1. If the requirement is being at the interface with chain B (Cβ under 10 Å from one of its Cβ atoms), part of a helix (DSSP H, G or I) and open to solvent by less than 40 Å² (accessible area, probe 1.4 Å), which of these qualifies: A:96, A:80, A:104?
2. Just wondering, is there one or more residues in the range B:42-51 that are open to solvent by 50 Å² or more (accessible area, probe 1.4 Å), touching a Gly at 6+ places or on another chain (Cβ under 6 Å), assigned to a strand (DSSP E or B) and within 14 Å of another protein chain (Cβ to nearest Cβ)?
3. Are there any strands (runs of 3 or more DSSP E) wholly within the range B:497-582 with 3 or more residues that are more than 30 Å from residue B:476 (Cβ to Cβ), and if so which?
4. Is it the case that some residue within the range B:302-321 is touching a residue at least 12 places away in the same chain (Cβ under 8 Å) and within 14 Å of chain A (Cβ to nearest Cβ)?
5. For the range B:148-172, give me the residue count where each residue is assigned to a helix (DSSP H, G or I) and within 11 Å of chain A (Cβ to nearest Cβ).
6. Is there a residue being more than 25 Å from residue B:301 (Cα to Cα) and either within 14 Å of chain A (Cβ to nearest Cβ) or crowded, with 19+ Cβ neighbours inside 10 Å (or both) anywhere in the range B:457-475?
7. From the list B:543, B:533, B:569, which residue is under 20 Å from residue B:435 (Cβ atoms), touching a residue at least 60 places away in the same chain (Cβ under 8 Å) and within 14 Å of another protein chain (Cβ to nearest Cβ)?
8. Residue B:328 is checked against (1) aliphatic (A, V, I, L, M); (2) in a helix (DSSP H, G or I); (3) under 22 Å from residue B:378 (Cα atoms) and fails just one. What number does that condition carry?
Amino acid sequence: MSAATHGNLAIARPLRRPAEAPAAPPRRHLEIAPSRAQRRARPRLAHAVVTIAGIGVILLVQLLLSIVLADGAYQISALQTDQRELLREEQALNEQLELLGSTQNLTANAEALGMVASGNPLFLDVATGGVSGKGSKAVKLPDNLVGNALLDGSMVIDPAALAAAQAAEDASGDTGLHVVEGGTPAATPPAPGTLPSPTTH
Amino acid sequence: MIINTRASRRRLALTVLTVFAIVAVFVVRLVDIQVVRAADLTADADERRTMQVTTYGVRGSIVDANGVVLADSVERFDITAAPNNANLDDTWLTRDGERVKVPTTEAIQAIADLTGVDANSIYQILATDREAQWAILAPAVTLDVFKKVRALQIPWVYSELHPARTYPSGAIAGNLVGFIGTDGPLAGTELKQDECLAATNGKSTYESSADGVRLPGSTIVQQEAEDGGTIHLTVDADLQWYTQQVLAQQATAMGADWATAMIVEVKTGRILAGADWPSVDPNDLDSVGNDERGARIFASPFEPGSVMKVATFASLLDQGKITPTTQVTVPGIYTEGLPEGASLKDSWAHGDLRLTATGVLVNSSNIGTAILAQKLSTQVRHDDLEAFGFNSDTAVDFLGESSGSVLPMDQTDAITNLTQQFGQGMSATSAQIASLYQTIGNGGVHMPLTLVDGCELPDGTWTQKPSTQATRVVSEYAADTTVQMMEVVATEGSLKNVLKIPGYRVAAKTGTAEVAENGSYGSDRIVSVAGLVPAGDPQYAIVVTFAKPDTMRTSAAAAPAFNAIMKQVIKTFRITPHTNGAPSLPTVW
């Protein structure tokens, strides 16, 4: 590529640039017209929105659900505690009831109220209106001799207190006894061996 | 360019290696946690999160024939404390709805007032071992007390459930019900029927939140708690009370050592009352002596005496050897067929008596009974006594039951051989005597003696139904005729004025047995009256026995109690008065 070599060379005329082909009119952008199905299959923004929103709603519902569930757990826990307490209460009351109903307590109360044991067995015959058997004097039972360490005498009624309560009730005009009215009157005589009794509650 | 490339490659390799190394470390750690130590860690986590609870099954109750509760399970609470958390100087407590800081002694006094435990001893418990995490302050307090202690909200006071047992009817049937100690059932039905009564405690776990609330759906039940079954006894609590009351009254009045009474339903063999005096109150084991906590009616055999003659007469009638009017000449002293020097006597002195078989029973003549008994072979006499249930346990199979003793023929001498026929030289329990009268009253058909009607499981099913296997011991004629002869005891015998109940027919037999002590018979007596009511169609067999009364040593001592119990049976079961008179049988000829 030195300068001495330049003189030996014929100056070559550069070739004319071939004429450009007449410029073709710019091609319009062509596109295959999508079929109806294709158009439908194309993803849409709406779908994305719906999906995202859906996930959001699901998460929200799940959250709410777990809040409600946890809340329920506390509620169940509280109710279970209540239930246990009430069951215990019931048991304690039942225990007291059994003690009140014990024969020793009943006899002690019966005696305190002045009741006595009957003597010979007697039967009223409803059919004949007669009494069968021979009566004997009622006897006062001796004090209870069958022990019960659970009773301390505090459950025995005081007749004086009872009388006072009765007097107060009488004064207020309430007898405390309510006989059910309107029960069908005994149209048929009761069968022999059964005793007619009023329905009370 | 080349240098750059090399450098960058090296750098890249280093980075990749580092990343891989880090990833490898994580992977190793991950495998370690998730695979190698997974089980341990999971268990550890579960332990922190999981609460284990014991659910208590309730021990079944024991009830009488009408459902009256004789033994019941109740909840009691142990008041406990954590001494290591308790500050002995001052502490917080809630008073009238306000949290206040008070001296610890004041808090202790508050607990002491509520529980009835001595305040000083509570202080000692807290002060003695300051490191202890648990100590019991007051055992087995009631719900009421527990609630009040809880309301104090003392930070170091806790509570524990303490299942306990209560006997609301006290000593009523205490001998039959038995009782429970701290480690479990100790006596009577409580122990015998433990299999039915016992509850199974359950186990479950749940996961809890930081504040102790159960996480929903996390409960795992490992074992369900199962309640025990209910034992239904055949006894009637009211009748049992009355029987015990009458026994106590009469035994105290006469200075008896002990007394028993039984009422048995003749058609079924069910024990309606089985009373002992003294009888334990299961709520208070110290209410009676150590050897009086059981059921004497089953456990203590004694020589029953003349109440046994009923068995002899039933055998004789069954074998056709006698009729109620068979004539016997009863001498004042009997030596025939006995070894040299031995003789039998009656309880009263007499010359030759001309008695019918009925008369022998009514006068309770030992000599007459011995003369008649010899119409039977010794084999038949022995076999019949065993068939009536002597020498073997009753079907009740009560805890510690005794079978009494009737010696086999080859072990008895000529005298014992005869005395067995009137209840000496042999022994029997009250239950066995009651069973004999049940058989006689039931037309000669023995029903197994029953104390337990069954076990009602929590789901309503019944198990342990008692046997109803009937066994004929003697013919219906023999049994019914024996009852008729016993009726003459009540109408013409020496105790007729005490035994009779206006309007009712009663069959009875008395017994005054000598008590063998140190190998010879002394002056002590065991007196009994046994009988059936109503005599026309026996429904209830009653046996009353008093041992070693001081003031009166004949069966007259037992008759008033027998009469009172019989009247109560009539009232309880509404037995209607009889309409036809008692058959009349001659006692002399």
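The values are calculated or read from the model by the stated rules, or taken from the named source; none is laboratory data. The shown structure was predicted, so the numbers you read here are calculated from the model rather than taken from an experiment. Cβ sites come from the backbone with ideal geometry, for glycine too, and all protein chains shown count toward neighbours. The accessibility values were calculated without ligands, DNA or RNA, using every heavy atom of the protein model including side chains. Shrake-Rupley method; radii C 1.70, N 1.55, O 1.52, S 1.80 Å.
1. Values: A:96 fails: open to solvent by less than 40 Å² (accessible area, probe 1.4 Å); A:80 fails: open to solvent by less than 40 Å² (accessible area, probe 1.4 Å).
Being at the interface with chain B (Cβ under 10 Å from one of its Cβ atoms), part of a helix (DSSP H, G or I) and open to solvent by less than 40 Å² (accessible area, probe 1.4 Å) holds for just one of A:96, A:80, A:104, which is A:104.
2. Step one: of the range B:42-51, the residues open to solvent by 50 Å² or more (accessible area, probe 1.4 Å) are B:42-44, B:46-49, B:51.
Narrowing the set further to residues that are touching a Gly at 6+ places or on another chain (Cβ under 6 Å) leaves none.
No, because not a single residue in the range B:42-51 is open to solvent by 50 Å² or more (accessible area, probe 1.4 Å), touching a Gly at 6+ places or on another chain (Cβ under 6 Å), assigned to a strand (DSSP E or B) and within 14 Å of another protein chain (Cβ to nearest Cβ).
3. On the way: elements: B:507-517, B:520-533, B:540-547.
Passing ranges, in order: B:507-517, B:520-533.
4. First, pick out the residues of the range B:302-321 that are touching a residue at least 12 places away in the same chain (Cβ under 8 Å): B:302-319, B:321.
This time we only want the ones that are within 14 Å of chain A (Cβ to nearest Cβ), so: none.
No - not one qualifying residue is present in the range B:302-321.
5. Step one: filter the range B:148-172 for residues assigned to a helix (DSSP H, G or I), giving B:148-152.
Imposing the further condition that a residue be within 11 Å of chain A (Cβ to nearest Cβ) reduces the set to B:150.
Within the range B:148-172, residues that are assigned to a helix (DSSP H, G or I) and within 11 Å of chain A (Cβ to nearest Cβ) number 1.
6. no
7. Selected residue: B:569, the only one of B:543, B:533, B:569 that is under 20 Å from residue B:435 (Cβ atoms), touching a residue at least 60 places away in the same chain (Cβ under 8 Å) and within 14 Å of another protein chain (Cβ to nearest Cβ).
8. (2)
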